[in-house]
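The values are calculated or read from the model by the stated rules, or taken from the named source; none is laboratory data. As the structure is a prediction and not an experimental result, all values here were calculated from the model. Note that each Cβ is placed from the backbone with ideal geometry, even for glycine, and that neighbours are counted across all protein chains shown.
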Amino acid sequence: MDFDEYRKHDATGLAQLVAAKEVSAAELLAVARERAAEVNPRINAIVRDIPAEPSGDETGPFAGVPFLIKDLGQDYAGLPTSNGSRSLARHPVAAHSTVVQRWLDAGLVIFGKTNLPEFGAKAISESVVWGPARNPWDLTRTPGGSSGGSAAAVAAGIVPCAGANDGGGSTRIPAACCGLVGLKPGRGLTPFGPETAEMMHGAAVQGVVSRTVRDTAAMLDVICGGEFAGPYTPGLPAESFASNVGVDPGKLRIGVRVPSAINPEPHAEARAAVSNAVKVLTDLGHHVEELPEAPFDDAALARDFLLTWFVNLAWKVADAKRASGAPDVAFERDTLLMAALGRATSPVDYVDAVQRRHEHTRRLSTFFESYDLLLTPSLATPPPKVGAFDLPVSLQRATDVLLKTRTARLLRHTSILDDMISENLGWVPYTQLANITGRPAISLPLHWTADGLPLGVQFVAPLAGESLLLRLASQLEEALPWADRVALIR
C-alpha cells in the first residue's frame, strides 16, 4: 500500500482491510512511519518513538491500525511521559495508563507520542523541551493545544486518528485548527487511571482527534467505561456509540451564540463559520435561533477556570519535583509564573471557584430546558501564528526577577489575571464551558477560511448527550464532507 491509498481510509476502513487480509499491520505501519519521516521534521508532531513490531495476530476492532498517543495523561510503560516538560522528559513510568491499555487491547499499533505545551497548560503546542508543533495547513501557524501534536499528525496523514485529552478545550481546539473531529466526552465517561482517579475534579477527559465521525464514535466505544480503582461507574447508553453514526437526529432546537464577554468581536471568519453552519442546519430541518445573550456568565467562568487551572498547575510542578527531583530551571518561565499565582490563591478562594462550577452548570441546564444543543464557534480567530503568545523580552526579564525573588505572588494584586484571560483565552473563549460543567461537546470542521485554514464550530450537549452529538455530526458530515481534504504542507 502506498500513501495515496493509505490516506483514502480512516481507522475503521484500515481495520476492515486488515481483517479482510487485503493489507497487513506491518504494511500499514511502514506507510505511517514513511509518512512521519517525510513530514514530521516540518510539523514536529511526534516527539518520541515507541518500538512497535506488529505480529499479525492483533485482535480487536482496530487490529493493525497505526496510532499515536499524547505525551500527557497517556502513559506507555517503560517510557517517560514528559508532560511537555524538561522535568519529566527522562523519567520513565511503570505501567500503561488504562486508556492506553484499552487502545492496545483494541489492536492499535502505537508507535509514537505527540507534542504538547508544558503540562498541557496552553492552547498552543510550543514547549521548550520539544519545540513548537506546526499546523500542516500552514507551517507558520499553530495546530492548537494542548493536543496539538496529535492533531498535526492526523491532518498531515501520518495516522487517521490519534490520542488526545481535554481539560479546557485541548481536543476541540486542535481539531478546529487542523480540520478534524474533536469530541470531549462528558465527565467520568473515560478513564484517567490507574495512577490518577480524575484530573481537575473531572474537568479533563480522554479522547481522540480524527478525520471521521465514525472513528470518533468507535474510539469512544473502545475507551469508555469505569475502571476498578476509578471514582465512578459511568452510565452508558444501551446501544454502542458507533451505532449512532448515520441515525437521523430528529428536528433539533439549537441556540447560537457567537460573541463572548472575553472576545465581544470575534473574527469575521468565526462568524462566517457559524453562519454557514446555521444555513446547513436550517436546510436540514433544524430550528436554529440566535441567543441575545450567553446562557451562562462567561466572564466569571473564565476567571474561575484560570484560577483553578493555576492552582492545579502549582500542584503539577510540585508533583514533578517530587517525582524527578527537578529544580526550578527545569520548568518554563510561563509555567513557574502561573504556578506562583496558583500558590498565592487562598484555599477559600480556590474552593469558591470550584463550588461556583455548580452555578455555571445550573445556568446551562436551564438553557437545555428550551434547547437541545448550544452552537458556538470553536475558535474566535483563525489559528494564530507560531510564537504569537511569546512574552515580550522586557516582560520576560521582569518576570525572571519576580520569580528569582519569589515575589511573583504579588502579581495577583494586579490586572494580570484579566490580561491572561484576554491574551490566552481571547482566541479560544468557548471551550472551557463544557469542561467546567462536565457536559459533552464536539468540534466539527465545517469551515475553511479564505486563506485555506480550518476553523471549526462547536456543539455543546446536555448530560449523556454524546449519542446526540454523534448523530448530528454524522448528518453534517454527509451534508458537508470533509474527510477527503488533504493538508498541503507548505
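Within region 369-384, how many residues are touching a strand residue (DSSP E or B) at 6+ places or on another chain (Cβ under 8 Å) and either crowded, with 19+ Cβ neighbours inside 10 Å or free of Cβ contacts under 8 Å to residues at least 40 places away in the same chain (or both)? Write out each step before concluding.
Filtering region 369-384 down to residues touching a strand residue (DSSP E or B) at 6+ places or on another chain (Cβ under 8 Å) leaves 370-378, 382-384.
Those still in the list that are either crowded, with 19+ Cβ neighbours inside 10 Å or free of Cβ contacts under 8 Å to residues at least 40 places away in the same chain (or both) too: 371-378, 382-384.
Counting residues in region 369-384 that are touching a strand residue (DSSP E or B) at 6+ places or on another chain (Cβ under 8 Å) and either crowded, with 19+ Cβ neighbours inside 10 Å or free of Cβ contacts under 8 Å to residues at least 40 places away in the same chain (or both) gives 11.
Starting from residues that are among the β-branched types (V, I, T) and surrounded by fewer than 22 Cβ atoms within 10 Å (Cβ to Cβ), keep the ones in region 313-348 and report whichever is farthest from the chain's Cα centre (by Cα).
Applying the first criterion (among the β-branched types (V, I, T)) to region 313-348 yields 317, 329, 335, 345, 348.
Of the ones still in play, those that are also surrounded by fewer than 22 Cβ atoms within 10 Å (Cβ to Cβ) are 329, 345, 348.
Values: V329: 28, T345: 27, V348: 30 Å.
The extreme case among them is V348.
Counting only residues that are outside any loop (DSSP other than H, G, I, E, B) and buried (at least 20 other Cβ atoms within 10 Å of the Cβ), which one in region 237-253 is nearest to the chain's Cα centre (by Cα)?
Checking each candidate, the answer is A242.
Looking only at region 113-121, decide whether some residue is surrounded by fewer than 24 Cβ atoms within 10 Å (Cβ to Cβ), more than 22 Å from V159 (Cα to Cα) and either in contact (Cβ under 8 Å) with a residue 12 or more places away in the chain or under 20 Å from the mean Cα position of the chain (by Cα) (or both). First the steps, then the outcome.
Initial filter on region 113-121 (surrounded by fewer than 24 Cβ atoms within 10 Å (Cβ to Cβ)): none.
Checking region 113-121: not a single residue is surrounded by fewer than 24 Cβ atoms within 10 Å (Cβ to Cβ), more than 22 Å from V159 (Cα to Cα) and either in contact (Cβ under 8 Å) with a residue 12 or more places away in the chain or under 20 Å from the mean Cα position of the chain (by Cα) (or both).
Which condition number does A268 fail, the rest of (1) over 28 Å from G452 (Cα atoms); (2) free of Cβ contacts under 8 Å to residues at least 12 places away in the same chain being met?
(1)
What tally of residues in region 30-63 results from selecting those that are closer than 25 Å to H91 by Cα and not in a helix (DSSP H, G or I)?
The number of residues fulfilling the criteria is 10.
Quick one: is A63 closer than 29 Å to D2 by Cβ, surrounded by fewer than 22 Cβ atoms within 10 Å (Cβ to Cβ) and either in contact (Cβ under 8 Å) with a residue 24 or more places away in the chain or hydrophobic (A, V, I, L, M, F, W, C) (or both)?
Working: closer than 29 Å to D2 by Cβ: yes; surrounded by fewer than 22 Cβ atoms within 10 Å (Cβ to Cβ): yes; either in contact (Cβ under 8 Å) with a residue 24 or more places away in the chain or hydrophobic (A, V, I, L, M, F, W, C) (or both): yes.
For A63, the condition - closer than 29 Å to D2 by Cβ, surrounded by fewer than 22 Cβ atoms within 10 Å (Cβ to Cβ) and either in contact (Cβ under 8 Å) with a residue 24 or more places away in the chain or hydrophobic (A, V, I, L, M, F, W, C) (or both) - is met.
Across region 151-169, what is the number of residues that are out of contact with any Ser or Thr (no Cβ under 9 Å at 6 or more places or on another chain), among the small types (G, A, S), surrounded by 24 or more Cβ atoms within 10 Å (Cβ to Cβ) and part of a loop (DSSP other than H, G, I, E, B)? I'd like the intermediate steps shown before the answer.
Taking region 151-169 and keeping what is out of contact with any Ser or Thr (no Cβ under 9 Å at 6 or more places or on another chain), we get 155-158.
From the residues that got through so far, the ones that are among the small types (G, A, S) too are 155-157.
The next check asks that each one be surrounded by 24 or more Cβ atoms within 10 Å (Cβ to Cβ); those that pass are 155-156.
Imposing the further condition that a residue be part of a loop (DSSP other than H, G, I, E, B) reduces the set to 156.
Residues that pass the stated criteria total 1.
Within region 355-391, which residues are of a type in the set (D, E, K, R) and not in a helix (DSSP H, G or I)? Step through it out loud before you land on a result.
Initially, region 355-391 is screened for residues of a type in the set (D, E, K, R), giving 356-357, 359, 362-363, 369, 372, 385, 390.
Selection gives E369, D372, K385, D390.
Filter region 225-236 down to residues that are surrounded by 14 or more Cβ atoms within 10 Å (Cβ to Cβ) and small (G, A, S) and give me whichever is farthest from T282 (Cα to Cα).
Going residue by residue through region 225-236, those that are surrounded by 14 or more Cβ atoms within 10 Å (Cβ to Cβ) are 225-227, 230-232, 234, 236.
Going one step further and asking which of them are small (G, A, S), we end up with 225-226, 230.
Working: G225: 35, G226: 38, G230: 42 Å.
Checking each candidate, the answer is G230.
I need the full set of residues from region 37-48 which are touching a residue at least 40 places away in the same chain (Cβ under 8 Å) and over 21 Å from the mean Cα position of the chain (by Cα), in order please. Write out each step before concluding.
Here is the first cut: in region 37-48, the ones touching a residue at least 40 places away in the same chain (Cβ under 8 Å) are 39-40, 42-48.
Within region 37-48, V39, R42 qualify.
Which condition does F310 not pass, out of (1) free of Cβ contacts under 8 Å to residues at least 40 places away in the same chain; (2) under 28 Å from P259 (Cα atoms); (3) surrounded by fewer than 21 Cβ atoms within 10 Å (Cβ to Cβ); (4) under 22 Å from the mean Cα position of the chain (by Cα), if it passes all the others?
(3)
Can you confirm whether V208 is part of a strand (DSSP E or B) and either modelled with pLDDT under 95 or surrounded by 15 or more Cβ atoms within 10 Å (Cβ to Cβ) (or both)? First the steps, then the outcome.
Values: part of a strand (DSSP E or B): yes; either modelled with pLDDT under 95 or surrounded by 15 or more Cβ atoms within 10 Å (Cβ to Cβ) (or both): yes.
Here the answer is yes, as V208 does meet what is asked.
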